[in-house]
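Throughout, read-outs are computed from the coordinates displayed, never taken from laboratory work. These numbers were taken from a predicted model, which means no experiment stands behind them. All Cβ positions, even for glycine, are placed from backbone atoms using ideal geometry, and neighbour counts span all protein chains on display.
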Amino acid sequence: MSKVAGVGRGQRHLNGPQTTGREYRNLSEPAHGMRCDQDVAVGMRDGTQLLADVHRPDGDGRFPALIAASPYPRQIQDLGAPMGFIEAGATDFWVPRGYVHVIANLRGTGGSGGTFGFFDAQERRDLHDLVEWAAVQPWCDGRVGMIGISYFAMAQLEAAVERPPHLRAIFPVAVTTDLYEAVMHHGLFSSSFVTPFLAMVDSRQRAVTGCGAARWSMRPGTSCARLRCTASSPP
């Protein structure tokens, strides 16, 4: 079995942000090795395909699934603890304890088809479909939850609004329901937050799809400005 996260001897100890400042006792024991199915295509109701990495126990059987979805590169998960905390959740904690960890890229990001809608109605429908897709996979027992921090957390609220029948629980951490306040900070534009956020999404779009220059634009006239990406083919 690969090294797992936890509080036991020889385990990778969860770092500060992952523990949320708590001390844990009597955790369930890891009982499974880990395997990963990369670049799994997940069909949406309109035919668009999202890409996901499915981290799951290596044994036979069906397990509850935990979904984390965002526009960020899902391969960040492979960098491990030295990077700091991983916003999608600690795969090496959950999978050995009998959960499937599904990390998906939202529409228009990370190689997923379509156009990134930035919390629009289409994104909410996609998250509904993602939950229902996971629930009927041969490795899932039909119980689906969602985890993650920041964008991953806000995606959980999006999914919950759509009420997918198999969504049993969400656990959003560091979440906002006011996107304007998150960007403007009491009326002052927070470029130190917005600029790296856009760069993160944009660079992944080029890296995965092979696009050339990508352009993001804020569309005024709505309560929450939508972001759209147009990308030209490489020369």
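If the chain between SER28 and ILE76 were fully stretched, how many nm would it gain, using 0.36 nm times the residue separation less the Cα-Cα distance?
Computed gain between SER28 and ILE76 is 14.7 nm.
Sticking with the crude label model, points 7 Å out along Cα→Cβ, report the distance from ARG9 to THR115 in nm, one decimal please.
My value for the distance between the label points is 5.9 nm.
Please give, to one decimal in nm, the separation of the simple spin-label points placed at PHE171 and ALA199, each 7 Å out from Cα toward the Cβ.
According to this spin-label approximation, the distance is 3.2 nm.
Which shape class applies to region 5-177: rounded if a/c is under 1.5, otherwise prolate when a/b exceeds b/c and oblate if not, where a ≥ b ≥ c are the square roots of the Cα gyration tensor eigenvalues?
prolate
Rounded to two decimal places and with Rh computed the Kirkwood way over Cα pairs, what is Rg over Rh for region 80-192?
Ratio of gyration radius to Kirkwood radius: 0.99.
Obtain the nm distance between the two label points defined at SER190 and ALA41 by a simple spin-label model: each point lies 7 Å from its Cα along the Cα-to-C-beta direction.
Going from the SER190 label point to the ALA41 one covers 3.8 nm.
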